[in-house]
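Comments concern the structure below.
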Amino acid sequence: MGFTRLMKADAELIECVRRGDTSAFDTLVERHYAACLRLASWQLGHRDPAEDVVQESLIRAYRALRRGHTPREFRAWLLGIVVNRCRSHAARSRRRRLLFQRWWASQEPEAYQAASLEDAGSDNDVDPKLRAALAALSPRLREAFLLKHLECLRYEEMSRITGTSVSALKMRVKRATDQLRSMLMEDRE
Amino acid sequence: MSDLDPSLEPWLEALRTEPAVRPEAIARLNAALRAEDVRAARRILTPPAAIAAAVVLIALTSAFWLAVGRWLGPAAPQQLAVEADLTPTQFVLHADDAESVTIVGDFNDWDPYATPLVHAGDGVWTVVVRLRPGAVRYAYLVDGTEWRADPRGVPAGNDFGRPTSVAFIGHLEAP
């Protein structure tokens, strides 16, 4: 019942935002910011870009609501925006990384070598083994695993927000789970 | 809810912990949202101003599309819609001995050739870029080889081994 009430409250807040009550969106932010940040942090591997992505996602959501868009399930819809922004951010980061690497390797090969080894630095206190295991997954596998087991979305919801079929998502979650089990349990076996 | 392998559940507990929300991040977000409100309010004009604006807009649009139709082709309308939301932002770097300076950032896909700065004299290089609201990472490339963060900008971390800066477009101030 609590879940139902929460969804209704989101719908009411969305209606308020559409009518121009901007403070209603602050309540939605308060309610969903941490979950968005958690998803983006794990998907991107670092907190700073995750904060940027969440901000960008929330601004896009705000614009869409002000334009009159009415998402059926706000949380899943918002997480979908976060997923898309994470993808865009990752693509930009890849381009930036390649550019940095190309220029830096040509200018200071020794410094480049040393820093490359430290690239997998962490910015929170989560077990490094878990962080490394998640980082080792491909972005698509990680995304599917996080949406399923971190955000507990249904496969149908995941399909809507990722544009991927349910069967493909199930396969990705299974592969991610197998890989994580293999990496995390190897010392115990 | 979750059909996860039980052996992974302890690991998932750590994942599910919600991160602490930084007040400065919320302040930054709120500033960006209020900037959105201001932008939206600017779009709402009083009736006389709206009529005047409409007349001017129709005249300008007609002239523009006549030119666009000749030179640019069908992709231009989308371009125009996107540009309405862009904020002109000036970047300035002091680099006395530089032969050339370019800026690389999220807005130009980190293309080292896309956005050269112009030498304004006395070692001052400058360019104006139209940017979308939000956080934008960037750095300067001096003489095609030397990376520089903006000495007067907000540091954006060092995630790929080189310092970058971040600009917050549409915000009143950086955190």
What are the pairs with Cβ atoms under 8 angstrom where one residue, in segment A:24-35, is crowded, with 16+ Cβ neighbours inside 10 Å and the other, located anywhere, is of a type in the set (Lys, Arg)? Sequence gap at least six, or different chains. A:HIS32/A:ARG75; A:ALA35/A:ARG75
Count of segment B:83-128 residues which are crowded, with 17+ Cβ neighbours inside 10 Å and free of Cβ contacts under 8 Å to residues at least 24 places away in the same chain: 2
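For segment A:37-90, enumerate the residues that are part of a loop (DSSP other than H, G, I, E, B), over 20 Å from B:PHE168 (Cα atoms) and either of a type outside the set (S, T, N, Q) or modelled with pLDDT of 95 or more (or both).
We begin by selecting, within segment A:37-90, every residue part of a loop (DSSP other than H, G, I, E, B); these are A:45-46, A:67-73.
Checking which are over 20 Å from B:PHE168 (Cα atoms) leaves us with A:45, A:67-73.
Answer for segment A:37-90, where residues must be part of a loop (DSSP other than H, G, I, E, B), over 20 Å from B:PHE168 (Cα atoms) and either of a type outside the set (S, T, N, Q) or modelled with pLDDT of 95 or more (or both): A:GLY45, A:ARG67, A:GLY68, A:HIS69, A:PRO71, A:ARG72, A:GLU73.
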With criteria (1) surrounded by 21 or more Cβ atoms within 10 Å (Cβ to Cβ); (2) over 12 Å from the mean Cα position of the chain (by Cα); (3) within 9 Å of another protein chain (Cβ to nearest Cβ), A:GLU51 comes up short on (2)
Would you check if A:PHE74 is closer than 25 Å to B:ARG39 by Cβ, within 14 Å of chain B (Cβ to nearest Cβ) and hydrophobic (A, V, I, L, M, F, W, C)? no
Read through the list (1) surrounded by 15 or more Cβ atoms within 10 Å (Cβ to Cβ); (2) within 18 Å of the chain's Cα centre (by Cα); (3) more than 30 Å from A:CYS86 (Cβ to Cβ), then give the number of the only condition that B:VAL142 fails. (2)
Give the residues of segment B:99-140 that are of a type in the set (D, E, K, R) and closer than 24 Å to A:VAL53 by Cα, sorted by residue number. B:ASP106, B:ASP109, B:ASP111, B:ARG130, B:ARG132, B:ARG137
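Conditions (1) within 13 Å of chain B (Cβ to nearest Cβ); (2) surrounded by 14 or more Cβ atoms within 10 Å (Cβ to Cβ); (3) modelled with pLDDT of 90 or more, marked per residue:
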site: A:ARG95; (1), (2), (3): yes, yes, no
site: A:LEU98; (1), (2), (3): yes, no, no
site: A:GLY121; (1), (2), (3): yes, no, no
site: A:ASN124; (1), (2), (3): yes, no, no
site: A:ARG142; (1), (2), (3): yes, yes, yes
site: A:PHE145; (1), (2), (3): yes, yes, yes
site: A:LYS170; (1), (2), (3): yes, yes, yes
site: A:ASP178; (1), (2), (3): yes, no, yes
Within segment B:109-135, can you find the residues that are part of a strand (DSSP E or B), of a type in the set (A, V, I, L, M) and at pLDDT 85 or above? B:VAL118, B:ALA120, B:VAL124, B:VAL127, B:VAL128, B:VAL129, B:LEU131
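The values are calculated or read from the model by the stated rules, or taken from the named source; none is laboratory data. Because the structure is a prediction, the values reported are computed rather than measured. FYI the Cβ positions are ideal-geometry reconstructions off the backbone, even for glycines, and counts take in every protein chain you see.
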